[in-house]
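First the structure, in the form of structure tokens, and then the observations on it.
The values are calculated or read from the model by the stated rules, or taken from the named source; none is laboratory data. Computed from a predicted model, the values in this text were never measured in an experiment. Quick reminder, even Gly has a Cβ in these numbers, built from the backbone with ideal geometry, and neighbours come from all protein chains shown.
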Amino acid sequence: MDIESRAVHAAKSERAPFGAIVDPLVMSTTFECPSSSDYESRYSYSRLGNPNRAALEQIIANLEGGSHSFAFASGSAAASVMFQALNPGDHVIAPRDSYYGVRAILEQIFVRWGLSVTFVDMLDLVAVKHAVRPSTRMIWMETPSNPLLRVSNIGEICEIARKSNAVTVVDNTVATPVLQNPFVFGCDFVVHSTTKGIAGHSDATAGIVVARSQTDLSERVSLIQTKCGAVPSPFDCWLTLRGIRTMPIRMRSGSQTALAIARFLAEHPRVEVCHYPGLENYPQHALAKYQMIGGFGALLSFQVAGDKKTAIAVKNRLQLITRATSLGGVESLIEHRASVEPAGTQTPENLLRLSVGLESLDDLRADLESALAE
Ligand SMILES: *Cc1c(COP(=O)(O)O)cnc(C)c1O
């Protein structure tokens, strides 16, 4: 079935009570033990499993085309578990311009626990190859990247990893499973902050790890999920599931509006450059077209002609577009990224990141037009 149909139907439990169309929210932390005391019934304790979490894991594995998935309390928790699943001494190759939180997790936490890390430009395949060591165990990708929207070649990087016995992980948060399925290009794990486009309503924090197949590493992810317990609440799972039902149409609509806005910004005299993989003259446009399906996402960024002050002033003149962090929600959000990222960030000082929501193109364009005009 097509993703629109799977997004609506793939999580329905077989035995919803009363014939309910929507699964009930199950907040119980514990479940009655059958008299045989062997817990044949699937659930015993909510850290180990919960029906709403199981439904979320089932549908995201289905939408990504993976075999298993494991839900966590945030995208950051999901990313952390991938690193926790490695052994001290293992080497990780990660993108220099990834979501800064992932970089911070590696640098500030996992290096102290014995991982070594090399940050590279993932668009430079020679640099990726050169970064490989005998101890390299994982190559982390994020494409399109947040906030620069850089597109890396999943298939080529997976080929490098295969030759070196490393596993590959793609942070697919910006694209969502609607616009990109990294497993098609041979990666081993997909990670999402479902807080963003998957849940889509800025009201549920969660993350997920999807495994292409059951392996020693996926078994470790499962072990860490239930033993360490960074699991999402049933309510966050329930809200995320509700968001997923409309995700395909939200992502397609957001992509369409984002493309029109990117074209408008790219032509605007007060914009130095607009970063959006859907623009025909974007450096990785051909690759994005090859890797992505039917749209380039609802996230774009642009550099205002001028300095940090000019960029912040533009942002502050917006009336409809809200000043807030995060992305992938129904409301458009704008952020001066360099202000929230640590020193040494790759993000230019005059860059604004815009997450395009479901407002009309005309209203969004008019808001940007008047903010840029002054
Ligand atoms: C937001 C985000 C994360 C972190 O997710 P949280 O749910 O905020 O912990 C990871 N990767 C990307 C690309 C993100 O945008």
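Summary of values
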| quantity | calculated |
| --- | --- |
| Residue check for residue 209: β-branched (Val, Ile, Thr) and outside any loop (DSSP other than H, G, I, E, B) | yes |
| Of all residues in the stretch 166-185 being within 14 Å of the ligand (Cβ to nearest atom) and among the β-branched types (Val, Ile, Thr), the one that is nearest to residue 154 (Cα to Cα) | 170 |
| Matching residues in the stretch 212-237 - criterion: being buried (at least 23 other Cβ atoms within 10 Å of the Cβ) and within 20 Å of residue 178 (Cα to Cα) | 237 |
| Residue in the stretch 151-166 that is polar (S, T, N, Q), in contact with a helix residue (DSSP H, G or I) (Cβ under 9 Å, 6 or more places away or on another chain) and not in a loop (DSSP other than H, G, I, E, B) present | no |
| Yes/no for residue 70 being under 29 Å from residue 348 (Cβ atoms) and either away from the ligand (no atom under 11 Å from the Cβ) or buried (at least 18 other Cβ atoms within 10 Å of the Cβ) (or both) | no |
| Members of the stretch 98-123 that are assigned to a helix (DSSP H, G or I), touching a helix residue (DSSP H, G or I) at 6+ places or on another chain (Cβ under 7 Å) and surrounded by fewer than 18 Cβ atoms within 10 Å (Cβ to Cβ) | 101 |
| Selection count where residues are β-branched (Val, Ile, Thr) and either within 17 Å of residue 80 (Cα to Cα) or surrounded by fewer than 24 Cβ atoms within 10 Å (Cβ to Cβ) (or both), scope the stretch 135-191 | 11 |
| Count of residues meeting criterion [assigned to a loop (DSSP other than H, G, I, E, B) and surrounded by 15 or more Cβ atoms within 10 Å (Cβ to Cβ)] in the stretch 307-325 | 3 |
| Count of residues meeting criterion [surrounded by fewer than 18 Cβ atoms within 10 Å (Cβ to Cβ) and of a type outside the set (S, T, N, Q)] in the stretch 350-360 | 2 |
| Tally, over the stretch 173-185, of residues that are in a loop (DSSP other than H, G, I, E, B) and closer than 16 Å to residue 68 by Cα | 1 |
| Residues that are in a helix (DSSP H, G or I), under 16 Å from residue 171 (Cα atoms) and not hydrophobic (A, V, I, L, M, F, W, C), drawn from the stretch 42-81 | 64, 75, 76, 80 |
| Residue match in the stretch 294-313 (condition: within 16 Å of the ligand (Cβ to nearest atom), closer than 21 Å to residue 145 by Cβ and without any contact (Cβ under 8 Å) to a residue 12 or more places away in the chain) | no |
| The stretch 165-184 residues that are under 22 Å from residue 250 (Cβ atoms), paired with ones that are of a type in the set (Phe, Trp, Tyr) and within 16 Å of the ligand (Cβ to nearest atom) (beta carbon under 7 Å, 6 or more apart) | 171/99 |
| Subset of the stretch 186-213 (residues that are within 14 Å of the ligand (Cβ to nearest atom) and either out of contact with any helix residue (DSSP H, G or I) (no Cβ under 9 Å at 6 or more places or on another chain) or of a type in the set (Phe, Trp, Tyr) (or both)) | 189, 202 |
| Any hit, the stretch 94-106, residues being modelled with pLDDT of 95 or more, away from the ligand (no atom under 16 Å from the Cβ), within 24 Å of residue 299 (Cα to Cα) and of a type in the set (A, V, I, L, M, F, W, C) | no |
| Out of 150, 162, sole residue that is at pLDDT 95 or above and within 13 Å of the ligand (Cβ to nearest atom) | 150 |
